[in-house]
Amino acid sequence: MKLAFISDIHGNAVALEAVLEDVSKKQIDKVYVLGDICYRGPEPKRSLDLIRSLHTEVIKGNADEWVVRGVRQGEVPDKILQLMNTERDWIVSQLDQADIEYLDSLPTEINSTVEGISFHAFHATPNSLFDIIPPNADDETLQSKMMSTVEANLYVYAHIHKPYIRYLDGKVIMNIGSVGLPFDGMNKASYGIVEIQEDGFRTSIERVSFDIEKVIQQYQEKDYPNADMMTQVLRKARI
């Protein structure tokens, strides 16, 4: 049994299509989506439609919450608050009310057991859509912030756009990175695979190339607010 975990598409439907093609080639049995579907990309509607066409379990990310109700003071630095809400308004203009209601209705976590392997999946932490747990967090932080609410073999999250896999007390913690906006210096889409075997399971981070210049062209052609900055993020894979 092969499970794929994808997240942080951020309106980059070109990258999402590349990942879904890779998922198909690898004969994945089920895909789970950990949020941040539309915000900050040139194709929010198509990204959302692609995700909904999977007919799978999807949870909410902080960017989905922002699309629903806007970015609030204290959630981002004050100097970029207005700009981020201008971007949010553009995203909303590309969606319809049913899309907004769908994002609003999403749950915030997945607790599941597949062929004897239990996993707990969430966007940032089990208790927050916004907390940042970096790859170099100490063991105590991981245990208290990520592993204390549910007993599982595997903990999967996204949000930070920097994929990694760590092992702690016989458990696995995996960040699956970002499909649409990687921040780790490698400008390829990122997602995670969990392959369940008779004697346990193994995890991997997959990287997939996509047409970056096409996405950049979309930002420009659609007059996306803050297009120049998003272009640099895509090219450098850093924020």
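The values are calculated or read from the model by the stated rules, or taken from the named source; none is laboratory data. These numbers come from a predicted model, not from an experiment. Virtual Cβ from ideal backbone geometry, glycine too; neighbours counted across all protein chains shown. For the accessible areas, the whole protein counts, side chains as well, though only heavy atoms, and no ligand, DNA or RNA atoms are used. Shrake-Rupley method; radii C 1.70, N 1.55, O 1.52, S 1.80 Å.
Given the condition touching a helix residue (DSSP H, G or I) at 6+ places or on another chain (Cβ under 8 Å), in a helix (DSSP H, G or I), without any contact (Cβ under 8 Å) to a residue 24 or more places away in the chain and more than 29 Å from Q197 (Cβ to Cβ), answer yes or no: does some residue in the stretch 15-38 qualify?
Residues of the stretch 15-38 that are touching a helix residue (DSSP H, G or I) at 6+ places or on another chain (Cβ under 8 Å), as a first pass: 15-17, 20, 31, 33, 35-38.
With the extra rule that they be in a helix (DSSP H, G or I), the set shrinks to 15-17, 20.
Subsequent filtering for residues that are without any contact (Cβ under 8 Å) to a residue 24 or more places away in the chain retains none.
No, the conditions are met nowhere in the stretch 15-38.
Of the strands (runs of 3 or more DSSP E) that lie entirely inside the stretch 49-157, those containing 1 or more residues that are on the phi < 0 side of the Ramachandran plot and without any contact (Cβ under 8 Å) to a residue 24 or more places away in the chain span 109-114.
Evaluation of V215 against the conditions (1) closer than 22 Å to E21 by Cβ; (2) part of a strand (DSSP E or B); (3) not charged (D, E, K, R) shows that the sole unmet condition is (2).
For the stretch 74-88, the condition of being at pLDDT 95 or above, open to solvent by 40 Å² or more (accessible area, probe 1.4 Å) and touching a Phe, Trp or Tyr at 6+ places or on another chain (Cβ under 6 Å) holds for at least one residue. Within the bounds of the stretch 173-184, is there any residue that is in contact with a helix residue (DSSP H, G or I) (Cβ under 8 Å, 6 or more places away or on another chain), open to solvent by 60 Å² or more (accessible area, probe 1.4 Å) and over 18 Å from L16 (Cβ atoms)? Scanning the stretch 173-184 turns up no residue that is in contact with a helix residue (DSSP H, G or I) (Cβ under 8 Å, 6 or more places away or on another chain), open to solvent by 60 Å² or more (accessible area, probe 1.4 Å) and over 18 Å from L16 (Cβ atoms). Condition first: of a type in the set (A, V, I, L, M, F, W, C), in a loop (DSSP other than H, G, I, E, B) and within 14 Å of the chain's Cα centre (by Cα). Can you find one or more residues in the stretch 160-173 that meet it? Among the residues of the stretch 160-173, at least one is of a type in the set (A, V, I, L, M, F, W, C), in a loop (DSSP other than H, G, I, E, B) and within 14 Å of the chain's Cα centre (by Cα), which makes the answer yes.
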